[in-house]
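First comes the structure, then the notes that go with it.
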Amino acid sequence: MILASAMAHAQHNMHASVRHDTVDNSANPGKVNTVVYHLYITDTIVNFTGKQKHAIAINGSIPAPTLYFTEGDTAEIYVHNNVKEETSIHWHGLVLPNQYDGVPYLTTMPIKGGETHLFRFPLVQSGTYWYHSHTQWQQQSGMYGAFVIRKKKEEPMREYTMLISDWTDENPYQVDRSLHTATDWYGIKKRTTQNYAEAIKEGYLKTKITNEWKRMMAMDVSDVAYDKFLMNGKPENEVTELKAGDKIKLHVVNGSSSTYFWLQYAGGKIGVVANDGMDVVPVEVDRMIIAVAETYDIIVTIPDDMSYELKATSEDRTKSTSLWLGQGMKMNAPVLPKLKYFEGMKMMNSMMKMDGTMDDMGMQMSNQVMDMNSVMYSELTADTKTPGHIMDSIPGMDMRSTTPKNMVTLNYSMLKSPVKTTLPDAPVKLLRFNLTGNMNRYVWSIDHKTVSETDKILIKKGENVRIILYNGTMMRHPMHLHGHFFRVLNGQGEYAPLKNTLDILPMETDTIEFAPTESGDWFFHCHILYHMMSGMGRIFSYENSPPNPEVPDPAMALKMVYMDDRMIHPQAKISLESNGTDGEILISNTRYRFQTEWRIGLNDRSGYESESHFGRYFGKMQFWFPYIGWDFRYRKTNGGEKNIFGQADSKDNRKVFCAGVQYMLPMLVIADARVDMDGKLRFQLSREDLAVTSRLRFNFMVNTDREYMVGFRYVITKYFSLSTHYDSDMKLGAGITLNY
């Protein structure tokens, strides 16, 4: 065995070196080269933002080392788990035996702490791919790296691998939990709350009211407020050994957990030559968006003896990361303007029905015919109206050109395979998937069902699988199929491009197809990490597959797979004010919720009360919540009151079980109707967290027991607020509110 060149890893600052060996078969050309890597999962201290954070990483490096191979090699990769928690590695985009795909419990058992797992598989392809943990949120913590397979015979050319990613100093579990608790703290951090004061100031009050009338929360482009965006683990990188006229091939990987990136180059055109590892007929563009989990090979030219910026800007345009090519005076790439959220909200209002579903108004959009940023977020950089724009037919929308004249933006219809990709003649298994979601509760699904709520989809060799995907949500979804490439029917006929990850935009319909040639179970899911963990996916299962030697107990293992989208998300709020204390604790998952709330006054006249509910959400948008529960309360009063229905009111001395139903009304108001075991009725209206300003929130409650409450909360941090409220029982109070 000989030690391979360290040049392939020079771009990484590693705390521990990666062992990389190659079996030298030069004396025996009939044998296949075996390239051996040793990857070590270790505890690591990182600091990307001036704040130290504990993380687990591969070989002490974030991102992990880039693994380089040549087509036809056999990869032999030893993963040594030197931490206490279990982990996994998925080889994204690789066609390989099912047992090595790396999805914990589905195809490969997780690697326990202290264990070593060997992945050994032939490389039957070439191109740019990547690898990452598929265990819960470990990818967000930095467990990802690039995987480049060079062609056997390829013209020599300068090359550089750039892995773009997003970074948060927050614990990724807390990010996921926060998204499920409907907090808009990330909107506050990004200054994108779209509050009422801002709506009035910018002349969009009607738009804001219409948005909430249709039961939609403030829109966003990226759910998380990231602290930093990285390229190869740094905010900026440079390749200086380039001069005027030089060309360089860049292996671009979007290894982020939830961020799309716009790529722009200060030195001119971007030549796209491959996507998701597969060659395409070269096409030149001025800018391109790279979806989560996509890879591109691009070629750029250094036009002069200066340093040119290749900038990757997050889709929400909050931050960017850059690669500088060449040396000399720095030439900056264009700065993308801020998004106009109220313009996007206005369009959303036109596209959304009152029941929460999308209204495509008869338009069958496909193949990314619209540019997400230039349609949803109208940035007027030119005054001339774009004739025949597909969005002009939306009432109230005046879509104008948002990019300079002759600016070319990459979309899928431009991608063409250099070779025919037609499938063999075979019967077609047609599947229709509607991508669905509930932004208010952060539940993401297909056909309104999560992975754990559906059976595996059976496929078999000898048939072609065609999938028609419709995105009925207001967010993009990068849908990834493990272990296979699919044709994207984009108008290129026999030369439709091959991909493994499809970016599908809101209100868009796309068709993909593939010929099943493998065996076992394969995951198909949205590659936004928090959407996948919420349930947006399906499992394809080959009929009559032999047992997977890596999964000895398939029934138990499948239950473990289902646990991801059945995860429980706790939430709590405690107010400590001058008139007493009140609060609530919620424990919920995709469908079920347990809630207990309390109010404790400072004296007998203020009294105490505790009310709890357990129920299940129903309906496509989960507007309905029937429940059972109990209600205990006491306060010292003169008695004799009646509720609005004329019944003797027991609100001051009550010990009952109850049953009821909650329903979300327009303006995000919760209507609650219930009856208790004594036959007493109560109807209640309430609203939480109405954004008056970015940080000032209003809430109210009124019911037929003649109880009412109004209050304000001023958000200081994610977990701490100043608060005040007036309660019909506890009267006026002010203090602090703690949130979890």
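Bear in mind that the values in this text are calculations on the coordinates, not laboratory data. Fair warning: this is a prediction, and the values are worked out from it, not measured in the lab. Cβ: placed from backbone, ideal geometry, glycine included. Neighbour counts: every protein chain shown.
Numbers for the structure displayed
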{"quantity": "Cα centroid separation - the range 407-449 against the range 136-198, whole Å", "calculated": "22"}
{"quantity": "Cα long-axis angle, helix 341-351 against the chain (0 to 90 degrees, to the nearest 10)", "calculated": "80"}
{"quantity": "Cβ-Cβ FRET estimate between residue 600 and residue 432, R0 fixed at 51 Å, reported to 0.05", "calculated": "0.45"}
{"quantity": "Relative contact order for the chain, counting Cα pairs under 8 Å that sit 6 or more residues apart, in percent", "calculated": "9"}
{"quantity": "Other-chain or far-sequence residues with amide H under 5 Å of residue 66's (modelled H)", "calculated": "146"}
{"quantity": "Highest average packing first - 648-661, 248-261, Cβ atoms within 10 Å", "calculated": "248-261, 648-661"}
{"quantity": "Taking the range 421-550 and dividing mean pair separation by its residue count, relative contact order in percent (alpha carbons under 8 Å, at least six apart)", "calculated": "31"}
{"quantity": "Burial ranking of peptide ranges 313-322, 509-518 (average Cβ count within 10 Å, highest at the top)", "calculated": "313-322, 509-518"}
{"quantity": "Other-chain or far-sequence residues with amide H under 5 Å of residue 464's (modelled H)", "calculated": "428, 429"}
{"quantity": "Note, ³J(HN,Hα) from phi for the range 248-261, Karplus 6.51, -1.76, 1.60, rounded to Hz, x at Gly and Pro", "calculated": "9, 8, 10, 8, 9, 10, 8, x, 6, 8, 7, 10, 8, 10"}
{"quantity": "³J(HN,Hα), Karplus 6.51/-1.76/1.60, whole Hz, each residue of the range 291-305, x for Gly, Pro", "calculated": "6, 3, 6, 6, 10, 9, 9, 10, 10, 10, 10, 8, x, 8, 7"}
{"quantity": "Estimated [θ] at 222 nm from DSSP helical runs (n ≥ 4, -39500 (n - 2.57)) normalised by residues in the chain, nearest 500", "calculated": "-2000 deg cm²/dmol"}
{"quantity": "Rounded to whole Hz, the Karplus (6.51, -1.76, 1.60) HN-Hα couplings of the range 325-338, x for glycine and proline", "calculated": "10, x, 9, x, 4, 7, 10, 7, 6, x, 9, 6, x, 5"}
{"quantity": "Within the range 168-216, trypsin sites (Lys or Arg not before Pro) in DSSP loop having at most 15 other beta-carbon neighbours inside 10 Å", "calculated": "191"}
{"quantity": "Pairwise FRET efficiency - residue 124 versus residue 83, Cβ, R0 = 35 Å, nearest 0.05", "calculated": "0.60"}
{"quantity": "Formal net charge of residues neighbouring residue 469 (Cβ-Cβ distance under 10 Å; K, R +1; D, E -1)", "calculated": "-1"}
{"quantity": "Spatial extent of the chain: Rg and Dmax, with the Cα atoms as the point set, Å", "calculated": "27.9, 101"}
{"quantity": "The range 643-680-the range 286-331 distance, computed between alpha-carbon centres (Å)", "calculated": "59"}
{"quantity": "Interchain or long-range residues, amide H under 5 Å from residue 545's placed H", "calculated": "520"}
{"quantity": "Computed lengthening from residue 634 to residue 667, 0.36 nm per intervening residue step minus Cα-Cα distance", "calculated": "8.6 nm"}
{"quantity": "For the range 569-739, the Rg and Dmax computed from alpha carbons only, in angstrom", "calculated": "16.0, 46"}
